[in-house]
Structure formats: structure tokens, C-alpha cells
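Visitor: Before anything else, here's the structure in question.
The values are calculated or read from the model by the stated rules, or taken from the named source; none is laboratory data. In this text, all values refer to a predicted model and were calculated from it rather than measured experimentally. We place every Cβ from the backbone using ideal geometry, glycine too, and count neighbours over all the protein chains shown.
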Number of protein chains: 2
Amino acid sequence: MSAALGARLRANGDEVVEVREPGGTSLGEQIRELLLDSDHMDPWAEALLFAAQRAQLVRDVVAPALERGAWVISDRTYYSSIAYQGKARGLGVDLVRQINEAALGGVEPGRVLVIEVDPGTALARQGRPDRIGSESVEFQEAVRAGYRDLADAEPDRVTLLDGAESVDELVEQVIRVIEDD
Amino acid sequence: MSAALGARLRANGDEVVEVREPGGTSLGEQIRELLLDSDHMDPWAEALLFAAQRAQLVRDVVAPALERGAWVISDRTYYSSIAYQGKARGLGVDLVRQINEAALGGVEPGRVLVIEVDPGTALARQGRPDRIGSESVEFQEAVRAGYRDLADAEPDRVTLLDGAESVDELVEQVIRVIEDD
């Protein structure tokens, strides 16, 4: 989906930078390995590691790209931390948001796109699940509830998309959304 | 100093657990390497990595030891993050404290011992300085100011000790302090 959206925006002649979280910097890729493979990780350690790699990514890659006028398509953002760690792990959505907003120093996503798929489809697409993808159905439902809360609270920023649609259709929906921004 | 204090407390028949930060768990030791060796680390990434390893250490080692009645001597604690990242790096002492207190879930140091040494002595003792030890004299002075602010604000918890004294003398001073607690 990120690649297809990036191609569509580049076809307009725009610069597009695609990044993924966790990762995207030397430090971030090392933190990614810790996050996806560690056993018995404390929930706060997890939340803080996500925020740490994000701070480095935003400083080194995202902020410079935005400053020169590029689009940045980030595969996940701190809204995922709000849903996963804040809501589903129970650390508190307000506190997780506050920590991330402090760490990112005002660099915010203009649009947060949440593609909803049913749990069976999600598992099938993922292949071998990582540590967080292996969580229970109840956990994944709490994550979904977290995203829906965000979409309800911030309809001008958070857009829910139906993962049953084709990628081409989703890209066109996103283009219509950002043309209205 | 930690070892000498530990020996003194063990001589009373008490259990003593010594830990060091960053580190002390498998995750923490991996984070330690990132913290001490990475170039160009974002200040928030640094603060969040310190807090992340600390959350894991407190959950896995410190809290269980305290629950069974042991002394825990920790070479650094979140008061160091308040002084280093909150004060000297300018991230904000209140916010750094809040993040750490949330991450530690109420596990707090009973006593914070700050051993003051002049910068020349500190450098000589350190040998090859790591990334943070290589900071400027101005930075080290800001860290010292951060610790002194904490000692002024919390005299019942934070105790300044004179690093010009012998280790034996410092241990006896600490024993007198904790016997009064």
C-alpha cells in the first residue's frame, strides 16, 4: 500500500520519501531487532523503545524531507503506539501520546491512514508473526478499538480505510482525502 | 564504591543485590551498547533508551529483590536521567521525571547518593571516555547543577557526598545516613 501510494504521488512529479517503523536509521534498525525478537519485554520498555527509534527517524529523515517539501509516507507512526501500547497494553493513551509528542518536537503526521482488515486476513498476510503480531485476538481487538477511538476523536486527521478493497481503490480513496486537505 | 558499600552491608548478614545502569538484563545490556557507542544520537532517543532499559531492569531484578527484603545498590538511577537528559540536555526535568516514574510503576530509590568529584579527577578515573563522558566541561557542569537542584529540592532522598574522601570514609557516611532512614 505504501509503495502503491508512493508511485501514485511520484507520477505527479512530487518527491516521496517512504520510511518504516520501527527502523529507518542505523539506531532504529538495531532497536527494531530488539523490539521484534526479545522475549519477556516489559510493556514500558517496549513503548519507550518505539518512541526512541521514532525520535531518531524523525530527526534524521522525516523532518528534513518535510522541510524540502517532500511527501513522507511512514509505515506506522506514533498513533500506532497510542493504540498498541497506550490502549491495548493499558499504559494510558494520554501519557503515550505526550511522550511521543515531546520526543518528536512538533513534527506531526498530516494524515493517519488506518487500514482495517479482519484478524484472519491480517494473520494470513503477515506470514510468520513477530512478537507483537503473535498477541491474542483480544489484544488485536483492543488495538482496533484504540484506532477507532482515535478516528472518532480526530476525524480530520485519522481516516479508517476498508482493507477488503483493492490496493488501487484504496490509493484513490487516499488521494481524494489528501486533495481535500 | 558500590562494591565496598555492598560488602559492608553483607557483613551485617543482609542480602545485597548490585546492579548497574544502563544494563543488568539481556535487553538492557544491548541497549547499553547502543547508548555508549552510537554517534549522532537524538537527545530524546537517548533519554527514552535509558528509561527503557531501566523499566526492564526494575521489573526483572530490582522489584523482586526489594520484595524479598534485599538491599539494592544501583550504580545510577533515574535521577541521573533527570540531571543528564532533563537538565543538561534541556529536555525538561519534570517531563523526564514523569516518564521514568510512569515506566517504573512506583519502584523508587529510598536514597540517592551523589558523589561529587572535580572534572579532572572524574576524567582520570574514567579511562577512555564513552560518548556521554566525552561531553564538554559546560555539559558536565550542567549535570552537576542538575544533581544539586535535586539535592536542594529533596534533601531527605538525595545526599551529596564529597568524592575527595576515601571510599572507607564514604561508606561510613552512607551507613550513618541509611541508619537514620
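Visitor: Looking only at region B:8-40, filter to residues that are in a loop (DSSP other than H, G, I, E, B), out of contact with any Asp or Glu (no Cβ under 6 Å at 6 or more places or on another chain) and not acidic (Asp, Glu); which one of those is nearest to residue B:61 (Cα to Cα)?
Guide: This residue is B:24.
Visitor: Also, I was wondering about something else. Restricting to region B:81-106, name every residue that is surrounded by fewer than 21 Cβ atoms within 10 Å (Cβ to Cβ) and of a type in the set (Gly, Ala, Ser).
Guide: B:90, B:92, B:102, B:105, B:106
Visitor: Filter region A:50-73 for residues that are under 15 Å from the mean Cα position of the chain (by Cα) and among the β-branched types (Val, Ile, Thr); which is farthest from the other protein chains (Cβ to nearest Cβ)? Walk me through how you get there before you give the answer.
Guide: Taking region A:50-73 as the starting set, the residues that turn out to be under 15 Å from the mean Cα position of the chain (by Cα) are A:50-55, A:57-58, A:62, A:72-73.
Those still in the list that are among the β-branched types (Val, Ile, Thr) too: A:58, A:62, A:72-73.
Working: A:58: 8, A:62: 12, A:72: 17, A:73: 21 Å.
Among them, the one singled out is A:73.
Visitor: Return yes when residue B:113 is in contact with a helix residue (DSSP H, G or I) (Cβ under 8 Å, 6 or more places away or on another chain), crowded, with 20+ Cβ neighbours inside 10 Å and assigned to a loop (DSSP other than H, G, I, E, B) and no when it is not.
Guide: Considered against the rule, which asks whether it is in contact with a helix residue (DSSP H, G or I) (Cβ under 8 Å, 6 or more places away or on another chain), crowded, with 20+ Cβ neighbours inside 10 Å and assigned to a loop (DSSP other than H, G, I, E, B), residue B:113 comes out as no.
Visitor: Could you please give the count of residues in region B:136-181 that are assigned to a loop (DSSP other than H, G, I, E, B), in contact (Cβ under 8 Å) with a residue 40 or more places away in the chain and surrounded by 13 or more Cβ atoms within 10 Å (Cβ to Cβ)?
Guide: 2
Visitor: Restricting attention to region A:62-78, report how many residues are within 30 Å of residue A:137 (Cα to Cα) and surrounded by fewer than 23 Cβ atoms within 10 Å (Cβ to Cβ).
Guide: Qualifying residue count, region A:62-78: 5.
Visitor: Shifting gears a bit: What's the number of the only condition in (1) buried (at least 24 other Cβ atoms within 10 Å of the Cβ); (2) more than 19 Å from residue A:91 (Cα to Cα); (3) more than 7 Å from chain A (Cβ to nearest Cβ) that residue B:45 fails to meet?
Guide: Exception for residue B:45: condition (3).
Visitor: Restricting to region A:15-24, and then to whatever is more than 12 Å from chain B (Cβ to nearest Cβ) and not acidic (Asp, Glu), can you tell me which residue is nearest to the chain's Cα centre (by Cα)? Let's see the steps before the verdict.
Guide: The initial filter retains those residues of region A:15-24 that are more than 12 Å from chain B (Cβ to nearest Cβ), namely A:15-21, A:23-24.
Applying the additional criterion that residues be not acidic (Asp, Glu) yields A:16-17, A:19-20, A:23-24.
Values: A:16: 17, A:17: 15, A:19: 10, A:20: 8, A:23: 12, A:24: 13 Å.
Residue satisfying both the conditions and the ranking: A:20.
Okay, residues lined up against (1) acidic (Asp, Glu); (2) buried (at least 20 other Cβ atoms within 10 Å of the Cβ):
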position	(1), (2)
B:2	no, no
B:22	no, yes
B:26	no, no
B:33	yes, no
B:36	no, no
B:60	yes, no
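Visitor: Count, please, the residues in region B:1-39 that happen to be of a type in the set (Asp, Glu) and without any contact (Cβ under 8 Å) to a residue 40 or more places away in the chain.
Guide: 2
Visitor: Still on this structure, please answer the following. Return only the number of the condition from (1) farther than 18 Å from residue A:55 by Cα; (2) more than 9 Å from chain A (Cβ to nearest Cβ) that residue B:27 does not satisfy.
Guide: All conditions pass for residue B:27, except number (2).
Yes/no per residue for (1) modelled with pLDDT of 95 or more; (2) assigned to a helix (DSSP H, G or I); (3) more than 21 Å from residue A:10 (Cβ to Cβ):
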site: A:62; (1), (2), (3): yes, yes, no
site: A:65; (1), (2), (3): yes, yes, no
site: A:74; (1), (2), (3): yes, no, no
site: A:79; (1), (2), (3): yes, yes, yes
site: A:86; (1), (2), (3): yes, yes, yes
site: A:100; (1), (2), (3): yes, yes, yes
site: A:103; (1), (2), (3): yes, yes, yes
site: A:107; (1), (2), (3): yes, no, yes
site: A:121; (1), (2), (3): no, yes, yes
